[in-house]
Protein chains: 2
Amino acid sequence: MQDRYIPTAVIRRLPRYYRYLRDLKDSGVERISSGRLSEIMGVTASQIRQDLNHFGGFGQQGYGYNTGYLYNEIGELLGLNEHHGMILIGAGNLGEAVIGYINSRGLNHRFIAAFDIDSRLFGTRIADVPVLPMSELKSFVEENGVDIVALTVPAAAAVETAGLLVDSSIRAVWNFAHVDLPLPDTIIVEDVHLLDSLMRLTYSLHAGDDKDHGKH
Amino acid sequence: MQDRYIPTAVIRRLPRYYRYLRDLKDSGVERISSGRLSEIMGVTASQIRQDLNHFGGFGQQGYGYNTGYLYNEIGELLGLNEHHGMILIGAGNLGEAVIGYINSRGLNHRFIAAFDIDSRLFGTRIADVPVLPMSELKSFVEENGVDIVALTVPAAAAVETAGLLVDSSIRAVWNFAHVDLPLPDTIIVEDVHLLDSLMRLTYSLHAGDDKDHGKH
């Protein structure tokens, strides 16, 4: 597994395969051809074969892919078969929604605590996990082997908060704050910039308008 | 404006420029060189010049970019200078968080109503917008000139819900449901697949582990 090289573009597409394979598996489909998968997913069969060939030994002519096996292999590669206790910083509405969204899914990823600077929240729970003071973050993270943190604080507070993570054992930040975090390369950052996404949507909408105008 | 061709890759980077330009403008910085912008944003000055050249007439040697003008031009291109009344379908925690996140920012984008199938919610408000029954969606959308809808229903309900939009005047869907929506090309879809994002993060974390193992 460790020596296998898979291009970044393929890695970025794997979550989508994983999602379709799960649905197929859950619907009792044990095998699927690249042609049928192509129809369902709306990508070419040749791209599917190229992408899934990285997992070797599948997709023989006339047999198709074994959905359960492939689902498991991709899950293994993505690190989804291991348990990940996560924490969240910023126990507001967005934080509550993120915890609820993830914890309701029965995944191996699970939020186990939220942290905040607002002392009125200490001792309460949001989306059924306890809210703890920031001063306990470092020891909590070490004692519970937490390596992923979701950051749902306002942008103005995000840079300072991220700074606190530098000498903790946190190794990955799932960043919802609308700002780029100045973190060292040793900490992985995955941004969910909702406003950027809304801007792209709005651009597409207006670009569509311009095209229509062109037709008149 | 309509005749200007800007490559998709540049468009995808514009929201980030827009964010930095807003911060500069708000801090009273009226001009900035590509070199300084390069330091702040962590991309090469030559990429900045290439990207921003599409807006013409800026960045003369020794003068730099006019932050306010460029901010406004990019906002215009992205369609952010116009008012957009939006609605949301799925008045749960995630829906509430999305409305709160957007409506608290003083943007030209603003949610004006939420829709749900749960009759206990009708007449209540989430994040300060009214929750209305799905049966009123079509007329509400037409009367209020709404063209963007955020979809925060569970994946199992998303496909059916999306179907209801096909003969409404909705033209763009901001999709938070973890499923690909089978919509015609005339409706623009921008996906926010949180689980895919978390999977990529976890992969990077594990890929980092493998690299470390390789060193021993």
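The values are calculated or read from the model by the stated rules, or taken from the named source; none is laboratory data. The shown structure was predicted, so the numbers you read here are calculated from the model rather than taken from an experiment. Ideal geometry is used to build each Cβ from the backbone, glycine not excepted, and the neighbour counts take in all protein chains shown. Surface accessibility is based on the protein's heavy atoms, side chains included, excluding ligands, DNA and RNA. Shrake-Rupley method; radii C 1.70, N 1.55, O 1.52, S 1.80 Å.
With all protein chains in place and ligands, DNA and RNA left out, the 1.4 Å accessible area ranks A:Arg105, A:Arg16 as A:Arg105, A:Arg16, largest first. When the alpha-carbon atoms of segment B:61-216 are used, the pair Rg, Dmax equals 19.6, 66 angstrom.
Leaving out ligands, DNA and RNA, and with a 1.4 Å probe, what % of the accessible surface on chain B is carbon or sulfur? The partial results should precede the final answer.
Numbers: 4930 of 10410 Å².
That fraction is 47 percent.
Using a simple charge model, +1 on the beta-carbon of Lys and Arg, -1 on the beta-carbon of Asp and Glu, nothing else, what dipole does the protein assembly as shown show about its Cα centre, in debye to the nearest 20? Before the final figure, lay out each step's value.
Details: 38 positive and 54 negative charges, 127 e Å.
Roughly 600 debye, rounded to the nearest 20.
Please name which of A:Asn93, B:Leu77, B:Tyr5 has its Cα lying farthest along the dipole of the protein assembly as shown towards the positive end, using unit charges on Cβ (Lys, Arg +1; Asp, Glu -1) and the Cα centre as origin. Projecting each Cα onto the dipole axis, the largest value belongs to B:Tyr5. Distant-in-sequence amide contacts of B:Phe111, defined by a placed amide H-H separation under 5 Å and a gap of 5 or more residues or a different chain, comprise B:Met86, B:Asn103.
Here is how far apart the B:Leu107 label points are across copies: 2.3 nm, shortest first, using a point 7 Å from Cα toward Cβ.
Solvent exposure of chain B amounts to 48 Å² per residue of accessible area, where only protein heavy atoms count and the probe is 1.4 Å.
Dividing the C-alpha radius of gyration of segment B:90-181 by 2.2 N^0.38 Å, with N its residue count, gives 1.00. Taken along the Cα-to-beta-carbon direction at a fixed 7 Å, the label points for B:Asn53 and A:Arg49 span 4.1 nm.
Against chain B, whose longest principal axis is taken from its Cα atoms, helix B:93-103 shows a tilt of about 50°. Beta-bridge orientation, the protein assembly as shown: approximately 15 percent antiparallel, per DSSP, counting only bridges with both partners inside.
Run the dipole for segment B:108-152 about the Cα centre, Lys and Arg Cβ at +1, Asp and Glu Cβ at -1, nothing else charged, and hand back the magnitude in debye, nearest 20. Let's see the in-between values first.
Working: 4 positive and 7 negative charges, 26 e Å.
Here segment B:108-152 has a charge dipole of around 120 debye.
The 3J(HN,Hα) values that the Karplus relation (6.51, -1.76, 1.60; θ = phi - 60°) gives for segment A:134-147 are, in residue order, 4, 4, 9, 4, 4, 5, 4, 4, 5, 5, 9, x, 7, 10 Hz. Gly and Pro appear as x. Put simply, chains A and B cover up around 5600 Å² of each other's accessible surface, both sides summed, when a 1.4 Å probe is used.
With q set to 0.18, 0.24 Å⁻¹, the log10 of I(q)/I(0) for segment A:127-216, from the Debye formula over equal scatterers at the Cα positions, is -0.83, -1.23.
Across chain A, Cα pairs under 8 Å and at least six residues apart give a relative contact order of 13 percent. Across segment A:38-44, coupling constants 3J(HN,Hα) worked out from phi with the 6.51/-1.76/1.60 Karplus curve, θ = phi - 60°, read 4, 4, 5, 8, x, 10, 6 Hz, and Gly and Pro carry x.
What shape does the protein assembly as shown have by the C-alpha gyration tensor, where a ≥ b ≥ c are the square roots of the eigenvalues, rounded means a/c under 1.5, and otherwise prolate means a/b greater than b/c and oblate the rest? Don't skip to the answer; put the middle values down first.
Numbers: a/c = 1.21, a/b = 1.12, b/c = 1.09.
Rounded, since a/c falls under 1.5.
Summary for B:Pro184: label point 7 Å along Cα→Cβ; distances to the equivalent points in the other copies, ascending, 5.6 nm. Near the amide H of A:Ser33, within less than 5 Å, lie the amide hydrogens of A:Tyr65, all on another chain or at least 5 residues away, with H placed in the peptide plane. Only lysine pairs 8 or more places apart or on separate chains count here, and in the protein assembly as shown those with Cα atoms under 28 Å apart total 4. Distance between Cα centroids, segment A:1-51 to segment B:138-166: provide it in whole Å. That distance is 29 Å. Over every Cα atom in segment B:27-116, the radius of gyration and the widest Cα-Cα span, Dmax, amount to 17.9, 56 Å.
Our coupling estimate for segment B:109-120, obtained by passing each phi through the Karplus curve with A = 6.51, B = -1.76, C = 1.60 and θ = phi - 60°, is 8, 7, 6, 10, 6, 10, 10, 8, 9, 7, 5, 5 Hz, Gly and Pro reported as x. Distances between equivalent label points of A:Ala155 across the copies, with each point positioned 7 Å along Cα→Cβ, amount to 3.1 nm, shortest listed first. Residues whose amide H falls under 5 Å from that of A:Val192, counting only those 5 or more places apart or on a different chain, are A:Asn175, A:Phe176, with hydrogens built in the peptide plane. Evaluated with a Cβ-only charge set (Lys, Arg +1; Asp, Glu -1), chain A carries a dipole of roughly 860 debye about its Cα centre, given to the nearest 20.
Distance from the axis that maps chain B onto chain A is least for the Cβ of the chain B residue given, with the whole Å value, as B:Ala97, 2.
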